[in-house]
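Contents: one structure, followed by commentary.
The values are calculated or read from the model by the stated rules, or taken from the named source; none is laboratory data. Keep in mind it's a predicted model, so treat the numbers as computed, not measured. Because the Cβ atoms are built from the backbone with ideal geometry, glycine has one as well, and the counts that use them run over all protein chains shown. All accessible areas refer to the heavy atoms of the entire protein, side chains included, with ligands and DNA or RNA removed. Shrake-Rupley method; radii C 1.70, N 1.55, O 1.52, S 1.80 Å.
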Amino acid sequence: MRNIFLILLPLFFIGCAQKVPVTWEKRVLHSKVAPVDLVYQEYGKEHNETILFLHGFGESKYTWRFLIDDLSKKYHLVILDLKGFGESPKTEDGGYSVYDQAKQVQKFIEHHKLKNLTVVGRSFGGGVSLVLALMQEEGILKDRLEKMVLINTMSYNQRLPSMMRDLQMPVIGFLGIHMFSSAWIAKEAYKFAFSNDELIPDESVNYAAKMMALPRAKYAYLETVNCIIPDDIAKMEKRYKDITLPTLILWGRDDVSIKLKMAHRLHRDLPYSKLRVFPNVGHMPQEEVPKKVIEEILKFMEEN
């Protein structure tokens, strides 16, 4: 018993270590996290209007694969792996909040000279998209975004899903994510995210497990979970009304991670938004009903 205690004690202090506050001021205005080279793929012709895709927590650029063929016929697609996920770098610097990710994406946009962008963000990536929109409203990001699509997006203070709450617990979260196999974690995450488990693609689970097994991937997962809701979220929520981008909000009615009431609240707060709800769909419409998502995005792009 004493030996187990000695093993767990350092993990407790690691979990309780003082971190930079997860606030707009500390992580956007005074960011000290170094930029990384985000892994990305491009599809379609570069002279076409560009759509930038930002995936959710625990995902990667692979989640957008069902949308690529149809959308790339008319648009230039840029699909990112956010820092810490997919094949992008997983640096041990604690910079994994929506603010940190938005600063990384800002650097990517500026480095690649992307303009007239439609940003498509879902879940955690939707939270990053909202931060980017606010950065543009304040002149931090210089007139790069024109439109926004938010899919089952993180946006307000809420009770996290049980799996995330478990991961946030000092020691228990660390042990849990390292004791269970990557394949089991990926499978359970997809079962939680889909309304109809029979539609879960095996290749999605296998790829997610492969990415989670990469070096430092589980470190990035834990860091993200531990700062996933900003400390100043109440202030941020009040600023959504200042976003002037035309915005399409897509939502699965059966989402148990981010409930439908959040979609209606976001629709009320974003002054230039439209809301479309998919019945019998969960947290991942882009994989559960990709054709419907493609149809709504194409319609939104043509209308705007």
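Taking the listed residues I258, I249, the one that is touching a residue at least 12 places away in the same chain (Cβ under 8 Å) and either under 23 Å from D100 (Cβ atoms) or open to solvent by 40 Å² or more (accessible area, probe 1.4 Å) (or both) is I258, with no other qualifying. Candidates in the stretch 51-86 are the residues that are of a type in the set (S, T, N, Q) and touching a Phe, Trp or Tyr at 6+ places or on another chain (Cβ under 7 Å); of these, the one that is least open to solvent (accessible area, probe 1.4 Å) is S60.
Being modelled with pLDDT of 95 or more, closer than 23 Å to G84 by Cβ and either touching a Phe, Trp or Tyr at 6+ places or on another chain (Cβ under 7 Å) or in a helix (DSSP H, G or I) (or both) is not true of A234. Looking only at the stretch 126-147, residues that are open to solvent by less than 10 Å² (accessible area, probe 1.4 Å) and farther than 14 Å from A102 by Cα come to 1 in all. Return yes or no: is L214 touching a residue at least 12 places away in the same chain (Cβ under 8 Å), out of contact with any strand residue (DSSP E or B) (no Cβ under 8 Å at 6 or more places or on another chain), under 27 Å from E288 (Cβ atoms) and part of a loop (DSSP other than H, G, I, E, B)? So L214 fits the description; yes.
Here are some conditions: (1) within 15 Å of the chain's Cα centre (by Cα); (2) surrounded by fewer than 22 Cβ atoms within 10 Å (Cβ to Cβ); (3) small (G, A, S). G94 meets all but one. Which one does it not meet? It is condition (1) that G94 fails.
Given (1) part of a loop (DSSP other than H, G, I, E, B); (2) at negative phi; (3) more than 16 Å from the chain's Cα centre (by Cα); (4) not hydroxyl-bearing (S, T, Y), where does K241 come up short, assuming only one miss? Result: K241 fails condition (1) only.
On the given criteria, is I229 of a type in the set (A, V, I, L, M) and in a loop (DSSP other than H, G, I, E, B)? So I229 fits the description; yes.
Provide a single number: the residues in the stretch 253-271 that are assigned to a loop (DSSP other than H, G, I, E, B) and within 22 Å of P161 (Cβ to Cβ). Break it down into steps so the answer makes sense when it comes.
Within the stretch 253-271, the subset assigned to a loop (DSSP other than H, G, I, E, B) is 253-259, 270-271.
This time we only want the ones that are within 22 Å of P161 (Cβ to Cβ), so: 253-259.
Result for the stretch 253-271: 7.
Could you say whether any residue in the stretch 175-187 is loosely packed, with under 15 Cβ neighbours inside 10 Å, of a type outside the set (V, I, T) and touching a residue at least 40 places away in the same chain (Cβ under 8 Å)? For the stretch 175-187, residues loosely packed, with under 15 Cβ neighbours inside 10 Å, of a type outside the set (V, I, T) and touching a residue at least 40 places away in the same chain (Cβ under 8 Å): present. In the stretch 40-101, counting only strands (runs of 3 or more DSSP E) that sit wholly within it, the ones holding 2 or more residues that are under 30 Å from E302 (Cα atoms), in contact with a helix residue (DSSP H, G or I) (Cβ under 7 Å, 6 or more places away or on another chain) and without any contact (Cβ under 8 Å) to a residue 40 or more places away in the chain span 40-43, 76-80.
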